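Read the structure below first, then the notes.
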Amino acid sequence: MLRITFLGTGGTLPTINRNPSAIFVNREGDMMLFDCGEGTQQQMMRAKTGMKISSIFITHFHADHFLGIPGLIQTMSFNGRTEPLDIYGPVLTEQMVKHMQELGYYKPGFEINAHELEDGDIVDKGEYFIKAVATDHGVPSLGYVLEEKNRAGRFNREKAIELGVPVGHMFSKLQKGEAVIVNGLTIKPSQVMGHGRPGRKVVYSGDTRPCGSIERESKGADLLIHDGTFADELRDWALETKHSTSSEVAHLAKKANVRQLILTHFSSRYSENTEPLLLDAKSKFENVRLAEDLMEIEIQLRDK
């Protein structure tokens, strides 16, 4: 399972229908947040995601991307959390986490570990990893790539039986990459296993101008979640504020050959009508959606 819940999809200013940035990811029970704008804990309650997150990944330290952390920490502590929490982000993450823990008189009942990342740094999670990617937002900022490691190919049961492998523990050994001996003959995994299959790949840009680093890391991604703050009519403002227009991102997604694009972080100018954003994007790339608060999607495994 790789399930993504959009908890906050608004830009700098929250609106009635959109909270500030926050994305909840559940990867086979390992739960994490990417950005944590104010009100994120309430959105988690509404979405029924639970709060047993292992990590928070912050893209940058503009207020709408991290102000939800102090309240979330205190809520988790009130609920009896004892497991440590890892918070990752760009330079100043350690300082910011220290300040957030010192707010008020209440101290959390669990350990909080701050980690400062740079472009190319990898957080290895075993079956998958998260890679930090430099972005272009005018302040120290990162995007993130969540990528699963390659899976083993499919096991050819019929071929194994044909080679004389008895049904049972030898099947398991072959699937784990171990050779077995049957009637004096060595049966190698390559004889009964198909080609390796790719894991899933999700890229989150955070706030940024379209940039080569995100395009490069998005090659063949199952999903690209990208800043789509403005329609093309406000491209000059996007340039000045270091954000993206929806068609610019759609053009990037097409060049990167992503399977699906979801735009987020919309300016409050579009609180009544987001159609210009979608129309501009679809003129460049067809498989695009606009994120909505509490929208949930699941990324499926694929064989090729």
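Rule-based calculations on the coordinates, nothing more; no lab input. The shown structure was predicted, so the numbers you read here are calculated from the model rather than taken from an experiment. Glycine also receives a Cβ, built like all others from the backbone with ideal geometry; neighbour counts cover every protein chain displayed.
Descriptive notes on the structure:
- Put simply, the stretch 1-118 fits an ellipsoid with semi-axes of 19, 17, 15 Å; these come from the alpha carbon gyration tensor as the roots of five times its eigenvalues, largest first.
- Other residues whose C-beta falls under 14 angstrom from the C-beta of Val97 contribute a net charge of -3, scoring Lys and Arg +1 and Asp and Glu -1.
- Cα long-axis angle, helix 69-78 against the chain (0 to 90 degrees, to the nearest 10): 60
- Taking Tyr106, Tyr204, Tyr128, Tyr270 and counting other C-beta atoms within 10 Å, the order from fewest to most: Tyr106, Tyr128, Tyr270, Tyr204
- The stretch 20-56 and the stretch 69-129 have their alpha-carbon centroids 13 Å apart.
- Each 5 Å bin from zero holds the following percent of Cα-Cα pairs in the stretch 145-304: 2, 9, 16, 15, 12, 9, 6, 6, 6, 6, 5, 4, 2, 1, 0.
- Here the Gaussian network model covers the chain, with springs between Cα atoms less than 10 Å apart; of Gln95, Gln260, Gln191, Gln191 fluctuates the most.
- 26 Å Cα-Cα threshold exceeded, pairs from Lys131/Lys254; Lys201/Lys255; Lys48/Lys255; Lys159/Lys201; Lys48/Lys219; Lys52/Lys201: Lys48/Lys255; Lys159/Lys201; Lys48/Lys219
- Near Ile112, the amide H atoms lying under 5 Å from its own belong to Leu85; only residues 5 or more places off or on other chains count, and H is placed 1.01 Å from N.
- Legend: calculated FRET efficiency, Glu286 to Leu239, from the Cβ-Cβ distance at R0 = 30 Å, rounded to 0.05, equals 0.70.
- The modelled label-to-label distance for the pair Val139/Met45, using points 7 Å beyond Cα in the direction of Cβ, is 2.8 nm.
- Put simply, the C-alpha atoms of the stretch 242-304 give a gyration tensor, and the ellipsoid matching it has half-axes of 22, 16, 9 Å, longest first.
- Spin-label pair Asn113/Phe78, simplified geometry with 7 Å Cα→Cβ offset, distance in nm: 2.8
- Neighbour-count order for Asp136, Asp207, Asp119, fewest beta carbons within 10 angstrom listed first: Asp119, Asp136, Asp207
- Helix-only mean residue ellipticity at 222 nm for the chain, each DSSP H run of n ≥ 4 adding -39500 (n - 2.57), per residue, nearest 500: -6500 deg cm²/dmol
- Counting beta carbons within 10 Å around each of Ile214, Ile262 and listing the fewest first gives the order Ile262, Ile214.
- Taking other residues whose beta carbon is less than 15 angstrom from the beta carbon of Gly68, and scoring Lys, Arg as +1 and Asp, Glu as -1, yields -2.
- With the cut-off at under 13 Å, measuring from each backbone N in the stretch 53-70 to a point 7 Å along the Cα-to-Cβ line of Leu92 picks out 59-67.
- Charged neighbours of Ile16, selected by a Cβ distance under 15 Å, balance to -1 (K, R count +1; D, E count -1).
- Site pair Ala179 and Asp232 shows an inter-label distance of 6.0 nm when each label is modelled 7 Å from Cα along Cα→Cβ.
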